[in-house]
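The values are calculated or read from the model by the stated rules, or taken from the named source; none is laboratory data. Nothing here was measured: the structure is a model prediction, and the numbers come from that model. FYI the Cβ positions are ideal-geometry reconstructions off the backbone, even for glycines, and counts take in every protein chain you see.
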Amino acid sequence: MAKRIVLIAHAPPRNDDRASEHIARLGYVPDWRVPCEGDTLGPVTEDVAGTIIYGGKYCISDIPDLPFMQAEMAWIEAMLKADKPMLGICQGAQMIAHALGAHVGPRDDDMHEFGYYEITPTEAGRDLLPGPLVVTQAHFHTFDIPRGAVHLAQSAAIPNQAFRWGDKVYGFQFHPEVTREGFAHWQAQEWWLTDREKPGAQSREEQARLCALHDAAQDTWFRAFLTDLFGEAR
């Protein structure tokens with residue numbers, strides 16, 4: 001039976017992200033699901049090798065009003081119970097943190113990260129991140145570290161950038177899956193236009209400069225992480 005990794009998106013996928021491309025290299029079937037467009041998730045079956053929950057525009061406060069988000073939360077809880085590898089990215093990480101009982105929401109100072117920012121490992125995070133790394137960011141909500149989870153990475157403005165729960169579940173506030181082309185698409189989106197003027201958001205010139213300098217290193221690091229998390233399909 002072919003092993004699949006369920007990729008949960010919050011908009012129709014563009015299929016130009018590093019995560020889906022790399023898990024296909026590892027021999028898995030990338031199984032895209034877009035619950036906000038009507039896709040169902042179903043049970044966590046034996047052929048599910050793991051899941052990645054992507055970012056999006058939805059907030060934890062939307063869960064009571066949106067049945068598809070309730071279904072995603074049920075999926076997260078089922079994956080935790082099944083003890084299978086799971087990665088949450090931005091909104092996905094916030095949803096995992098929420099499922100584990102942590103507070104999620106905007107900061108009181110309205111701080112944003114939109115562009116390319118340096119993150120550094122905590123002492124406990126050096127196995128994940130040996131040293132500083134500049135990564136793609138696009139958020140203004142953040143999460144607390146869940147009780148019992150390990151805090152792995154931080155940035156100057158937003159201290160909670162990554163956590164691990166057990167040894168198979170990770171939450172990243174940042175977006176290492178986003179390619180240069182994917183970020184250019186984000187730059188053109190109307191919902192980010194006003195956020196570029198928010199505290200912490202970078203100028204287009206700074207985004208271009210930092211992307212050119214650091215995107216290749218982000219790519220190399222993230223592919224190695226995915227290989228370690230999921231392994232090669234058998």
Across region 1-14, the tally of residues that are under 20 Å from Glu181 (Cα atoms), touching a strand residue (DSSP E or B) at 6+ places or on another chain (Cβ under 8 Å) and part of a loop (DSSP other than H, G, I, E, B) stands at 2
Picked from region 108-124 (must be acidic (Asp, Glu) and in a strand (DSSP E or B)), the residue surrounded by the most Cβ atoms within 10 Å (Cβ to Cβ) is Glu113
Checked Leu152, Leu229 against criteria (surrounded by 13 or more Cβ atoms within 10 Å (Cβ to Cβ), modelled with pLDDT of 95 or more, part of a helix (DSSP H, G or I) and not acidic (Asp, Glu)); the one match is Leu229
Cβ pairs under 6 Å, 6+ apart or interchain, first in region 176-199 and modelled with pLDDT of 90 or more, second surrounded by 15 or more Cβ atoms within 10 Å (Cβ to Cβ) and among the small types (Gly, Ala, Ser), ordered by first then second residue, are Glu177/Ala19
Of the listed residues (Gly105, Gly88, Gly50, Gly27), the one being in a strand (DSSP E or B), surrounded by fewer than 16 Cβ atoms within 10 Å (Cβ to Cβ) and either of a type in the set (Lys, Arg) or in contact (Cβ under 8 Å) with a residue 12 or more places away in the chain (or both) is Gly105
Here the qualifying pairs (Cβ atoms under 8 Å; residues six or more apart or on different chains; first in region 118-146 and among the charged types (D, E, K, R); second buried (at least 17 other Cβ atoms within 10 Å of the Cβ) and part of a loop (DSSP other than H, G, I, E, B)) come out as Asp144/Ala102; Asp144/Asn160
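Here is a yes/no grid of residues against (1) over 23 Å from Gly182 (Cβ atoms); (2) aliphatic (A, V, I, L, M); (3) out of contact with any Lys or Arg (no Cβ under 8 Å at 6 or more places or on another chain):
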position	(1), (2), (3)
Tyr28	no, no, no
Pro35	no, no, yes
Pro43	yes, no, yes
Ile52	no, yes, yes
Lys57	no, no, yes
Ala74	yes, yes, yes
Subset of region 155-168, residues in contact with a Pro (Cβ under 8 Å, 6 or more places away or on another chain), assigned to a strand (DSSP E or B) and surrounded by fewer than 24 Cβ atoms within 10 Å (Cβ to Cβ), comes to Trp165
(1) surrounded by fewer than 18 Cβ atoms within 10 Å (Cβ to Cβ); (2) in contact with a Leu (Cβ under 8 Å, 6 or more places away or on another chain) all hold for Arg209 apart from (2)
Scanning region 53-85 residue by residue, those part of a helix (DSSP H, G or I) and aromatic (Phe, Trp, Tyr) turn out to be Phe68, Trp75
